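One structure is given here, and the rest of the page talks about it.
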Amino acid sequence: MAPGIADYAERRVRSALRYAHEPVLHARVRVQRHGDPAVARPITAQANLDVNGRIVRVQVAGSVATEALDLLRDRLQHRLEHIARRRKRGAVVEPHEWRHGDEPAHRPSYFPRPPDQCEVVRHKSFTLARCDVDEAVFEMEVMDYDFHLFTELGSEQDSVLYRTPDGYRLAQIDPHPAELAKHFTPVTVSERPPPVLTTAEAAERLGTLGLPFLFYLDGERGRGAVLYRRYDGHYGLITPAE
């Protein structure tokens, strides 16, 4: 990176922190350049904050470091303002709360690595949050995730929430839309159960179809799992802890 980028990153992130609703206990900023010259926006900027115990994550991409950091600052401010408004309302989620202006100008894209060179380089296993759709939407947006794997409160199903051009969509191991816990956020529910696959089969399907992620029933574990593309082109795997 050019000289002064670290100082610029600190100034831009600090300028957004005044919108935090609670003390920011820790902040970490990472700025990386993609190695492929063909990538249109090779600079990825990421901020991870500890806002009084709640982790807030934001990630964007830009053509140059200063552009990426400007986008990071704007998105971080927007995220912190949303959190503050939600807490002020007593954690009541209004319809379309996250639908207006929440999408960043440029989300980072993954490196177009050939499928036969892709490997599962990261495996995260944790106890899935048990929550309703509104809480899942909030968590996904605060953490700036493309999807969120959780256990839906009403149906008790392993579920994944993700964005579509029309809003939010929910996929479940055994879809039962009528059993979902009460929620305010508009969401469509996929009527098709996910495929039953091994991790190797899921990797093959993800590479063949060119999807950003794949939700499937892990035939080895008997639980829902998500295989996703990392920004380096390799795969990451998320599974529930037993």
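The values are calculated or read from the model by the stated rules, or taken from the named source; none is laboratory data. Computed from a predicted model, the values in this text were never measured in an experiment. Here the Cβ positions follow ideal geometry from the backbone for every residue, glycine too, while neighbour counts run over all protein chains shown. Side chains included, ligands, DNA and RNA excluded: accessible areas come from the protein's heavy atoms. Shrake-Rupley method; radii C 1.70, N 1.55, O 1.52, S 1.80 Å.
Computed from the mean reciprocal separation of all distinct C-alpha pairs, what Kirkwood hydrodynamic radius does region 160-242 have, in Å?
13.8
Convex hull over the Cα atoms of region 1-84, averaged projected area in nm²?
Here the figure is 5.2 nm², rounded to one decimal.
Using only Cα atoms, locate the centre of region 157-193 and the centre of region 1-27, then give the distance between them in Å, rounded to an integer.
One Cα centre to the other: 36 Å.
Build a GNM of the chain with springs between Cα atoms under 10 Å: which of ALA200, ALA84, ALA27 gets the top mean-square fluctuation?
ALA200
Quote the charge dipole size of region 179-240 about the Cα centre in Debye, to the nearest 20; the model charges only the Cβ of Lys and Arg (+1) and of Asp and Glu (-1).
Using Cβ point charges on Lys, Arg, Asp and Glu, region 179-240 gives about 160 debye.
Taking 25 Å as R0, compute the FRET efficiency from the Cβ-Cβ separation of SER125 and ARG28 and round it to 0.05.
Efficiency, rounded to the nearest 0.05: 0.60.
Can you give the alpha-carbon Rg of the chain over 2.2 N^0.38 Å, where N counts its residues?
Working it through for the chain, the quotient is 1.05.
Go ahead and set up a Gaussian network model of the chain, Cα springs under 10 Å, then flag whichever of LEU161, LEU149, LEU180 fluctuates most.
LEU180
Between MET143 and ASP50, what is the label-to-label distance in nm when each label sits 7 Å out along the Cα-to-Cβ direction?
Result for the modelled spin labels: 1.7 nm.
Could you work out the longest stretch of the chain that avoids the trypsin sites (Lys or Arg not before Pro) located in DSSP loops with at most 16 other Cβ atoms within 10 Å?
By the stated rule (loop sites, at most 16 other Cβ atoms within 10 Å), 100-181.
Got a number for the accessible area of HIS123? Probe 1.4 Å, square angstrom, nearest 10.
Its heavy atoms expose roughly 90 Å² to the probe.
Mind telling me which of GLU67, GLU119, GLU220 comes out most flexible in a GNM of the chain, alpha-carbon contacts under 10 Å?
Its mean-square fluctuation being the largest, the pick is GLU220.
In Å², what does the accessible area per residue of region 146-235 work out to with a 1.4 Å probe?
Heavy-atom accessible area per residue stands at 47 Å².
How much of the accessible area of region 130-242, in percent, comes from carbon and sulfur atoms when a 1.4 Å probe is used?
Result for region 130-242: 51 percent of the exposed heavy-atom area is carbon or sulfur.
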